[in-house]
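Comments concern the structure below.
The values are calculated or read from the model by the stated rules, or taken from the named source; none is laboratory data. Given the structure is predicted, the values throughout are model-derived calculations rather than measurements. Using ideal geometry, Cβ is built from the backbone for each residue, glycine included, and neighbour counts are taken over all protein chains shown. Just so you know, the surface numbers come from the protein's heavy atoms only, side chains and all, with ligands and any DNA or RNA stripped out. Shrake-Rupley method; radii C 1.70, N 1.55, O 1.52, S 1.80 Å.
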Amino acid sequence: MAFNHYVLDNGLSLYVQPSTKFKTVMLKVFWQQNLDEHAAKNALLASILKRGTSANPTSTGLNRLMDELYGAEFDTGVTKKGEQQIQEFSLELVKDSLVGEPVLERGLELLREILLEPFVENQGFSANYLEQEKEQLTQIIEGIVNDKVQYSIERCLQELGKGERFGLPRYGKVTDFVEITPENLYNHYLERRQSVPIVMFVVGDVDPEKVYQSVNKIFSFSHSGNYQLLPVEVKSNPTKVKEIVERQEINQGKLTLGYRTNACYKDDSYPALVVYNGVLGAFAHSKLFQNVREKSSLAYYATSKLEKTKGILLIASGIEFSNYTQARKIIEEQVSQMAEGQITSLELDNTKKAIIHQLRSSTDNFHLTIDLALDGLVNGRHREIEELIREIQAVSITDLIKVAEGIKLDTVYY
């Protein structure tokens, strides 16, 4: 089902999707911001807001309130879509009809308390809480090197996006934490709360009109909405391929290739790009898995994925050091074959079926349903799942060849 869209009196957007398939109700609030020099502040802000409120200044107090709401679960996070950094606040509640109480209304009141009435001391956030959250985020940022697969992908994206906002990490840099104080972080919070685009999603067994009335009443704070989100910069045709080699004490080489696709989520060619990625490397029947891993035994894994907002295609593989040259050659051959139209009807049909299955399965998951809608907001083009399925079904081999013309190798990270 589609989302019902409402605009609150203060200009905030609310999207409600009624559904009887879930026993709980999911509330998500997103603060959209440009990915820029404030990335570290934004990441810390998302973390510190869950530590306490003016009325309940400790985690113990907040946990007690969650227990009183029949085991409600609250969490925060930061995600990166293209060149936007988005703070996420989520609250999962049991639906009212199961307990015979207005749990949703109480949950909205609690969410408002967390987001709009944070715990403050000496005109700033708690210094103790801030240092703890700095330490926690530092461990997360520095700990990514321990996951070599994800590390190689992140490093490739950083090198590919060097000099662009896209190259900044979603949590910012550890070195930026030094200048962040309880006072300047609190001032940053006050400014952003009042100005950035704030969007709420509610999915579950609810009455959309009643949800709108409650949210409009409870979240009636002043909001100017004068923050300007910058358009994403989609680049193509790199003049020179960047090749980066990093040496570490590891047992398996990680080879990641980053391509500019010259297409992204808002474009008419996006469905063809999704199918292209599927045929190339998203599934077990794909070319990379079959030809690099299975037939040639040159990789422990070989897969491809899309960054849909920026229009980046990544090929990631794990290889023996001695197989670098041959593995890279065969990987690039698969990309060349796609451009030449060496795609069988069976590859195309299997890929479409796999993608459509993924899309339909996503409707059974709160997070995936909301994430697809958020993609539409960020990219300025909302695609209903059934609409996207129809577009996927219509993709031809000719469409894949046309998409392949815009796919150019930008960065090789090994």
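Assorted remarks:
Residues are listed down the side, and each one gets a yes or a no for (1) of a type in the set (D, E, K, R); (2) without any contact (Cβ under 8 Å) to a residue 24 or more places away in the chain:
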residue: I315; (1), (2): no, no
residue: E332; (1), (2): yes, no
residue: S336; (1), (2): no, yes
residue: A339; (1), (2): no, no
residue: F366; (1), (2): no, no
residue: Q393; (1), (2): no, no
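- When S224 is tested against (1) touching a Ser or Thr at 6+ places or on another chain (Cβ under 9 Å); (2) touching a residue at least 40 places away in the same chain (Cβ under 8 Å); (3) small (G, A, S); (4) open to solvent by 20 Å² or more (accessible area, probe 1.4 Å), only condition (2) is not met.
- Residue match in the range 69-78 (condition: in contact with a Pro (Cβ under 9 Å, 6 or more places away or on another chain) and open to solvent by less than 10 Å² (accessible area, probe 1.4 Å)): no
- Selection count, the range 1-25, where residues are part of a loop (DSSP other than H, G, I, E, B), over 7 Å from G204 (Cα atoms) and out of contact with any Phe, Trp or Tyr (no Cβ under 7 Å at 6 or more places or on another chain): 6
- Between L108, L116, the distinction of being in contact (Cβ under 8 Å) with a residue 24 or more places away in the chain and closer than 23 Å to H367 by Cβ belongs to L108 only.
- Filter result (modelled with pLDDT under 95 and either within 24 Å of K266 (Cα to Cα) or hydrophobic (A, V, I, L, M, F, W, C) (or both)) within the range 302-329: A302, I319, F321, A327
- Among the candidates L372, L377, residue that is out of contact with any helix residue (DSSP H, G or I) (no Cβ under 8 Å at 6 or more places or on another chain), within 28 Å of R155 (Cα to Cα) and either assigned to a helix (DSSP H, G or I) or aromatic (F, W, Y) (or both): L377
- Residues satisfying the criterion are present in the range 386-404 (criterion: touching a Pro at 6+ places or on another chain (Cβ under 8 Å), in a loop (DSSP other than H, G, I, E, B) and crowded, with 17+ Cβ neighbours inside 10 Å).
- Near pairs, Cβ below 9 angstrom, 6+ apart or cross-chain, from the range 34-46 (within 15 Å of Y227 (Cα to Cα) and touching a residue at least 60 places away in the same chain (Cβ under 8 Å)) to any residue that is of a type in the set (D, E) and crowded, with 20+ Cβ neighbours inside 10 Å: N34/E83; L35/E83; D36/E83
- Residue, surrounded by the fewest Cβ atoms within 10 Å (Cβ to Cβ), within the range 359-376, restricted to residues that are among the hydrophobic types (A, V, I, L, M, F, W, C) and within 20 Å of E92 (Cβ to Cβ): L368
- Qualifying residue in the range 351-358 (condition: within 21 Å of K305 (Cβ to Cβ), open to solvent by 20 Å² or more (accessible area, probe 1.4 Å), in contact with a strand residue (DSSP E or B) (Cβ under 8 Å, 6 or more places away or on another chain) and modelled with pLDDT of 95 or more): no
- The condition of being of a type in the set (A, V, I, L, M) and touching a Lys or Arg at 6+ places or on another chain (Cβ under 8 Å) holds for only one of I218, I198, that being I218.
- K81 being under 22 Å from N365 (Cα atoms), among the charged types (D, E, K, R) and touching a helix residue (DSSP H, G or I) at 6+ places or on another chain (Cβ under 6 Å): yes
- Residues of the range 248-299 classified as small (G, A, S) and under 13 Å from G318 (Cα atoms), total: 3
- Selected residue (only one of K305, K329 is under 21 Å from V149 (Cα atoms), part of a helix (DSSP H, G or I) and open to solvent by 40 Å² or more (accessible area, probe 1.4 Å)): K329
- Hits in the range 231-257 (condition: in contact with a Leu (Cβ under 9 Å, 6 or more places away or on another chain) and loosely packed, with under 14 Cβ neighbours inside 10 Å): V241
- Within the range 143-200, tally of residues that are under 30 Å from I244 (Cα atoms) and either open to solvent by 50 Å² or more (accessible area, probe 1.4 Å) or not hydrophobic (A, V, I, L, M, F, W, C) (or both): 27
- Within the range 84-108, being in contact with a helix residue (DSSP H, G or I) (Cβ under 7 Å, 6 or more places away or on another chain), over 30 Å from L168 (Cα atoms) and open to solvent by less than 20 Å² (accessible area, probe 1.4 Å) holds for L93, V103, L108.
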